[in-house]
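Okay, so here's the structure we're looking at.
The values are calculated or read from the model by the stated rules, or taken from the named source; none is laboratory data. These figures come from a predicted structure and were not determined experimentally. A quick note on method: Cβ atoms are made from the backbone with ideal geometry, for glycine too, and the neighbour counts reach across all protein chains shown. Surface accessibility is based on the protein's heavy atoms, side chains included, excluding ligands, DNA and RNA. Shrake-Rupley method; radii C 1.70, N 1.55, O 1.52, S 1.80 Å.
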Amino acid sequence: YGTLPSRRALKNSRLVSQKDDVHLCIMCLRAIMNYQYGFNLVMSHPHAVNEIALSLNNKNPRMKALVLELLAAVCLVRGGHEIILAAFDNFKEVCKEKHRFERLMEYFRNEDSSIDFMVACMQFINIVVHSVEDMNFRVHLQYEFTKLGLEEFLQKSRHTESEKLQVQIQAYLDNVFDVGGLLEDAETKNVALEKVEELEEHLSHLTEKLLDLENENMMRVAELEKQLLQREKELEVVKVRGGLHRGPWGGSGEGGPHPPRPDARCPQETYEHTSHQVHTLRRMIKEKDEAFRRRYGSEPPPVPGAESPPQPEPEPRKCPPAPPLPGTSPSIALTVGLSAIRIKKPIKTKFRLPVFNWTALKPNQISGTVFSELDDERVLEDLDLERFEELFKTKAQGPALDLVCAKSKAAQKVAAKVTLLEANRAKNLAITLRKAGRGADEICRAIHTFDLATLPVDFVECLMRFLPTEAEAKALRQYERERKPLEELADEDRFMLQFSKVERLPQRMAIMAFLGNFTENIQMLTP
């Protein structure tokens with residue numbers, strides 16, 4: 001009171017007072033925003049959050065950290081994210097920035113002496129970028145900070161001594177979307193799905209072949225049973241005749257002695273001949289089963305009547321196997337018997353390579369082929385195996401895919417049609433319909449008229465697996481009732497909608513299957 005301050009002292013005090021006033025205002029706002037009522041008032045004020053954001057233009061790092069903590073709190077409430085982005089748009093306009101968040105990144109790079117500010121800044125960036133649900137928008141915000149050099153700076157700063165800052169940096173890096181990697185994964189997945197579809201189709205063809213072989217086997221067995229019964233009848237007749245006509249060549253008969261006809265066989269010969277035929281036929285069936293097992297790697301289904309056919313005579317005893325050579329073990333004897341075949345070691349490769357679609361030869365089949373003379377070790381000496389593997393490794397292990405190509409393919413996949421069927425069921429139905437090569441109208445018309453010329457019985461049986469369930473029929477009817485465009489439905493769903501409208505569908509399909517299999521069933525049952 002007693003002394004007047006100098007002009008310089010007054011000027012300095014005013015500057016300090018202004019800075020303190022801003023700091024004090026921010027402190028007051030934080031206190032107000034600690035209560036719900038005050039927080040709502042700040043959020044609804046047209047300029048409050050803008051002014052808080054502009055308070056970042058301050059040299060005090062503690063003050064800037066406080067501002068960022070308030071902005072992060074606003075960003076986390078519903079509707080707060082849009083308010084924060086609008087506040088930084090305003091900041092860009094007022095401070096003449098070229099890019100949004102430019103000044104914030106400048107402070108973040110230069111204020112490395114204040115750990116509290118850096119932690120607050122990193123936490124704010126994490127919340128702004130990673131609290132968004134829309135992935136496209138999230139990638140857009142991420143790219144804004146990437147353009148300003150955030151990721152390069154984080155790579156340099158990730159080994160900081162501050163544990164809090166490390167946690168925030170690692171949280172950002174863990175949540176970053178690697179768009180290139182995602183596109184590559186999507187393309188790899190699409191390739192895998194296409195491969196799965198091919199394999200399913202291949203499996204379907206194999207199943208068809210299996211059914212054909214089963215049918216052929218069953219018909220063959222039925223024929224063999226028939227022949228066996230016929231032979232047994234003939235044998236009985238021969239035995240009866242042999243008992244009635246006994247002459248000088250085996251007894252006396254009513255008509256006196258008759259010399260045997262040149263083509264006539266005695267009962268024992270006929271019996272042996274018939275037994276030999278039966279054994280031959282059984283052996284043929286066994287060989288077919290073994291061939292089937294070698295080709296498809298599974299047991300053939302049991303054939304009715306093939307397991308225990310009637311046997312007129314026990315099988316002739318087989319000769320015992322020859323003993324091993326003196327002084328040799330069975331394994332050495334086997335080697336001698338197979339012309340001293342060498343068992344080659346498998347070649348280990350760094351990458352997975354494509355596999356040839358062939359059946360491996362057995363050791364005793366190699367003799368006289370190119371494989372008996374092939375020396376793997378000599379070939380490997382001449383072959384650049386690393387380059388060979390690089391050239392022929394499977395696609396999934398190849399180099400990064402062309403992103404432009406991947407983007408265009410991904411864009412094509414986006415416009416998927418509406419499907420109400422379960423994914424695997426829809427895929428299997430699509431494969432079945434592709435094999436038929438007929439439209440839904442033609443198929444449904446053939447079912448109405450029991451037309452087995454248009455729909456073969458094997459296709460009818462395949463189609464019976466796709467009779468619409470109650471839930472599927474209800475979902476399709478609901479879709480139609482809501483008058484939604486049928487063009488938006490996937491092809492399989494459109495087919496299922498029309499298929500479900502066929503009157504008494506399950507009964508019609510069962511009748512078609514019965515009609516189609518009738519002749520074959522008769523042939524099997526006749527014996």
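Take the Cα atoms of the range 7-177, build their convex hull, and give its volume per residue in Å³.
134 Å³
Report the gain in length on full extension from A471 to C25: 0.36 nm times residue separation, minus Cα-Cα distance, nm rounded to one decimal.
So the extension gain works out to 154.2 nm.
Need the full-extension length gain, R109 to L85, defined as separation in residues times 0.36 nm minus the C-alpha distance. One decimal, nm.
Between R109 and L85, full extension yields an extra 6.5 nm.
Provide the FRET efficiency to the nearest 0.05 for the L182-E236 pair, computing r from the beta carbons and using R0 = 60 Å.
Once rounded, the FRET efficiency stands at 0.15.
When ranked by the protection proxy of mean other Cβ atoms within 10 Å per residue, highest first, what sequence do the peptides 382-392, 212-222 form?
The densest-packed peptide leads the list: 212-222, 382-392.
Could you state the accessible area per residue of the range 129-188 in Å², with a 1.4 Å probe and every protein chain left in place?
For the range 129-188, the per-residue accessible area is 62 Å².
Given a cut-off of 19 Å, name the pairs among K189/K350; K98/K156; K98/K147; K64/K164 whose C-alpha atoms lie farther apart than that in the structure shown.
Beyond 19 Å: K189/K350; K98/K156.
How large is the Kirkwood hydrodynamic radius of the range 487-527, counting all unique pairs of alpha carbons, in Å?
Result for the range 487-527, one decimal place: 12.6 Å.
Principal axis extents for the range 124-183, Cα atoms only, whole Å, descending order, please.
So the extents along the principal axes, rounded to whole Å, are 34, 20, 20.
From the backbone phi of the range 65-74, what are the Karplus-calculated ³J(HN,Hα) couplings (6.51 cos²θ - 1.76 cosθ + 1.60, θ = phi - 60°) in whole Hz, Gly and Pro given as x?
So the J values, rounded to whole Hz, are 4, 5, 4, 5, 5, 5, 5, 5, 5, 5.
Could you check the spin-label model distance between E144 and Q170? Points 7 Å from the Cα along Cα→Cβ, value in nm.
2.8 nm
Pairs of Cα atoms under 8 Å, at least six residues apart: use those to get the relative contact order of the range 423-525, whole percent.
Worked out over the range 423-525, it gives 41 percent.
With every protein chain in place, what's the accessible area of C462 (1.4 Å probe, Å², nearest 10)?
Only protein atoms counted, so the area is about 30 Å².
For the full complex of protein chains and a 1.4 angstrom probe, list R294, R103 by accessible area with the highest value first.
Ranked list, largest accessible area first: R294, R103.
No solvent, one uniform scatterer per C-alpha: report log10 I(q)/I(0) for the range 423-525 via the Debye equation at q = 0.24 1/Å, two decimals.
-1.40
On a full-extension model of 0.36 nm per residue, what is the gain between D441 and S367, subtracting their alpha-carbon distance, rounded to one decimal in nm?
My answer for the length gained is 20.9 nm.
Scan around D451 for amide H atoms under 5 Å from its own, H built in the peptide plane at 1.01 Å from N, and keep only partners 5 or more places away or cross-chain.
Long-range HN contacts for D451: none found.
Which order do the peptides 174-181, 136-143 take when ranked by the mean count of other beta-carbon atoms within 10 Å per residue, highest first?
Per-residue mean Cβ counts within 10 Å order the peptides as 136-143, 174-181.
Short version: ³J(HN,Hα) in whole Hz for each residue of the range 190-198, in order, from phi by Karplus 6.51 cos²θ - 1.76 cosθ + 1.60 (θ = phi - 60°), x for Gly and Pro, what are they?
4, 4, 5, 5, 4, 5, 4, 4, 4
How would you rank 510-521, 56-67, highest first, on the average number of other Cβ atoms within 10 Å across their residues?
With the highest mean Cβ count within 10 Å placed first, the list reads 56-67, 510-521.
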